[in-house]
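The values are calculated or read from the model by the stated rules, or taken from the named source; none is laboratory data. Because the structure is predicted, anything quoted here is derived from the model rather than measured. All Cβ positions, glycine included, derive from the backbone under ideal geometry; neighbour counts span all protein chains shown. Each accessible area value is taken on the protein alone, full model and side chains, heavy atoms only, with ligands, DNA and RNA left out. Shrake-Rupley method; radii C 1.70, N 1.55, O 1.52, S 1.80 Å.
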Amino acid sequence: MKPRLPLLPRRPSSFAGALAASFVSLLGADLDHAESDRAFFDREIASMMEQHNVPGVAAVLVRRDGVEFTAGYGFADLQRRSPIDPERTVFPLGSISKLLTSIAALQLVDSDAVDLHTDVRTYLHDAPIDHRFDAPITLHHLLTHTDGFDARWLVGGAARVPEKVLPLSAMIARLPPRTLPPGEVYVYSDVGITLAGYLVERVSRQPFADYVEQRIFRPLGMTRTTFSPRREFYSRDRATGYEYDRQGRFRATPIVYPHANPASGVTAPVADIAPLIEELLRAFRTGTSALLGPDSIKWLGARRFAHHPSFPGTGYGFYEFLHHGRRALVHGGMLPGFTAVLVLLPEADVGVCIAANRFDLIAALEDDLLRKIIDRFAPPPAPAPPIAVAPPAPAAARLGGRYRCDQYSHFSIDKIFVLAGLADEIEVAAQSDGSLLFHPQGTRWLPVEPLLYQQEGSTERVRFQIDENGLGQRILGSVQFMSYHRIDFWDDYRRHVPIGATLVALTGLGGLLGAWRMARWLGYRGANCGRAMHLQRLTAMLLPVTIVVMAAGLAWILHDLEFLTAAFGEPRFIAWLRLIPLVTAIVALVLLIVGVRTIRRDRVHRLESWVYVASATAALLLMPFLIHWQLVRVPTPVVAFVVRCLSPSVL
């Protein structure tokens, strides 16, 4: 006879009880942890959306054991009121593409098909890389943004429809000149990474998008991530991008298909990025990966270049972000209407991807929200040592001046964005105590070592490069700060304005004289006046008209210039405007030649002709300024020659 089961459960054995209790405790702790993490993101993302007027956000949080949660906030399309779905809503992720291109290039290194430190011309015989510097450009330089290429491809960098996206070979045919020796200065741009993507395409002998699909996306199960926007789910589930205009209204932005596909062409729902985050966290934790070999894993997460040993630097595909001594691996992305960021905290085994359908949120995501994420998930840091302030450097005054970020084009129409005031600039003022003030930021920097300064109340540092006379030439900082060069006379459009106004006034003086003399001749037709004088007066009248039209058109363009204005190509109005200086130059040359001849042959009108010659000379003196600022449609080699002759900051 079987014993009756007790009505109440018997007391478990000590081992079974401990095991069960531990399981329940861990399960409850994990649930509490997940709920707490979700509440943190709900709170912080809601705050960011309200503060920065963001229509919608998608987020995914990955921990060691897998995806902790995915979440959608707000709307993918305001007009249709369609909500964000982190599993389905497709976002252009912009420059997060560079991480995937770096992984693809490192796979070729793992297979010994490519060497990191071999001249890329060994693999790319058709790439028009100039020989301005003796040191060759290598894959290492391309992946660390130290290739030295002129930053370009803002104007005409995208297509309106996917069928119009240029092949990589066409983009490489437009490779810009080099402005800096390779391996010396970090200047973030799309050029080098696009060249790395073309190298992947050429060495693997298959289209870049197909290679990444087969070697990265498919092994990880990333079925809705693509570099090919023709995929049917892209048009069906794509979020609408927005800008928030000056009138306080959301404005939908047109779809942008970048030509520099390896640098900014990837699209995905954020949930589809989770397998990549899991794989990278596992790789950093164990040193093994289904994607990369052990050496490439180290290179991906290690600092591969920095302007100083104490500065945050860049790896291959990630850049470092340090906050209170804690390190994150980050890459952000931005395209018209969209901003995204991918963050890994290897020491905490945490990864996050966030995407928003609002343009120009990179500071909010990569600075404000990123710091809060690090504070929550990264291990507590050791106490930071106080700044050891160095004695005042006697040469600090020589560091003062105006500096401009190197991230702009020197040789293409992209330079017009500098004239529009869209390039970052810093005014450095030396103080009597040896510190430096940076304006307009209003930050104070204390000397730590000769030419090395640290921001007061921060761990951010910069160092200065000087010339043989001790004059500051360049400021080098972290990868977020990048690098700034001293603005010399030819780079300072503020100093050009009064000079240009004076030259225009002299040109106008000739025009007024010509108009007055023509009016008198029309009133006294019997006056003794030859054809040469008629030609001088007419051309003198026409000359200031061309300049005024040019100036008025330029002022109108610069007033409302935005990236989208020229993303799909040089606007027709700007193209026509850049032809006007050629007309001005031709008219000025005619006036100059005829005026000189008249001075030699006609004593009666000699004084009048001298005025016209001065007017023509003033107009011609405007030409170097206009060429320097890419306001004249002339071949790139001519522009490069003029810019390099006039501006010492361009090597």
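Some notes on this structure:
- Dimensions in Å of the range 170-210 - Rg and Dmax from alpha carbons: 12.0, 33
- The protection proxy used here, the mean number of other Cβ atoms lying within 10 Å of each residue, ranks peptides 468-478, 553-563 as follows, highest first: 468-478, 553-563.
- Excluding ligands, DNA and RNA, the accessible surface per residue across the chain is 46 Å² with a 1.4 Å probe.
- The base-10 log of I(q)/I(0) for the range 553-597, evaluated at q = 0.22, 0.28 Å⁻¹, reads -0.76, -0.98 [Debye formula, identical scatterers on Cα atoms, solvent excluded].
- The range 456-567 - convex hull of alpha carbons, volume per residue in Å³: 213 Å³
- All distinct Cα pairs of the range 29-82 go into the 1/r average, and the inverse of that average, the Kirkwood radius, is 12.3 Å.
- Mean separation of Cα contacts under 8 Å (6+ apart) over length of the chain, as relative contact order %: 13 percent
- Cα principal axis extents for the range 546-637, largest first, Å: 57, 28, 18
- Cα shape, the range 172-285, gyration tensor, a/c 1.5 rule: oblate
- Here the range 274-341 is assigned +1 on the Cβ of each Lys and Arg and -1 on the Cβ of each Asp and Glu. Its dipole about the Cα centre then comes out at about 200 debye.
- Here the accessible area is traced with a 1.4 Å probe on the protein chains. For the chain, carbon and sulfur cover 59 percent of it.
- Using just its DSSP H runs of length 4 or more, each adding -39500 (n - 2.57), the chain gives a mean residue ellipticity at 222 nm of -12500 deg cm²/dmol after division by all residues.
- Distance cut-off 24 Å, percentage of C-alpha pairs in the range 94-189 lying past it: 24 percent
- Averaging the Cα positions of each part gives two centres, and for the range 345-379 and the range 126-165 these lie 29 Å apart.
- Value of Rg/Rh across the range 393-501 [Cα atoms, Kirkwood radius]: 0.99
- Distance distribution P(r), the chain, all Cα-Cα pairs, bin width 10 angstrom from 0: 3, 14, 21, 22, 17, 10, 6, 4, 2, 1, 0, 0, 0, 0, 0 percent.
- Only one residue of Ile557, Val504, Ala519 has its Cα farthest out toward the positive end of the dipole of the range 434-567, where Lys and Arg carry +1 and Asp and Glu -1 on Cβ, and that residue is Ala519.
- Packing rank of 412-419, 187-194, where each peptide gets the mean count of other beta carbons within 10 Å, highest leading: 187-194, 412-419
- For Gly400, neighbours were defined as the other residues whose beta-carbon sits under 11 Å from its Cβ, and their charges (Lys and Arg +1, Asp and Glu -1) total +2.
- Debye-formula intensities of the range 437-486, expressed as log10 I(q)/I(0) at q = 0.14, 0.17, 0.26, 0.33 Å⁻¹, are -0.34, -0.50, -1.12, -1.36 (one equal scatterer per alpha-carbon, no solvent).
- Global form of the range 122-239, assessed from the alpha-carbon gyration tensor, a/c cut-off 1.5: prolate
- Whole-number percent relative contact order across the range 391-532, with pairs defined as alpha carbons under 8 Å at least 6 apart: 19 percent
- More than 23 Å apart - percent of Cα-Cα pairs taken over the range 223-378: 44 percent
- Under a model in which nothing but the beta-carbon of Lys, Arg (+1) and Asp, Glu (-1) is charged, the chain shows a dipole of about 2000 debye around its Cα centre.
- The local environment of Phe438, defined by Cβ-Cβ distances under 10 Å, has a net charge of 0 under the rule Lys, Arg +1 and Asp, Glu -1.
- Separation of alpha-carbon centers, the range 172-245 and the range 559-579, rounded to whole Å: 25 Å
- The per residue volume of the convex hull around the alpha-carbon atoms of the range 52-134 is 233 Å³.
- A simple count of charges around Phe133, restricted to other residues whose Cβ falls under 11 Å of its Cβ and scoring Lys, Arg +1 and Asp, Glu -1, yields -2.
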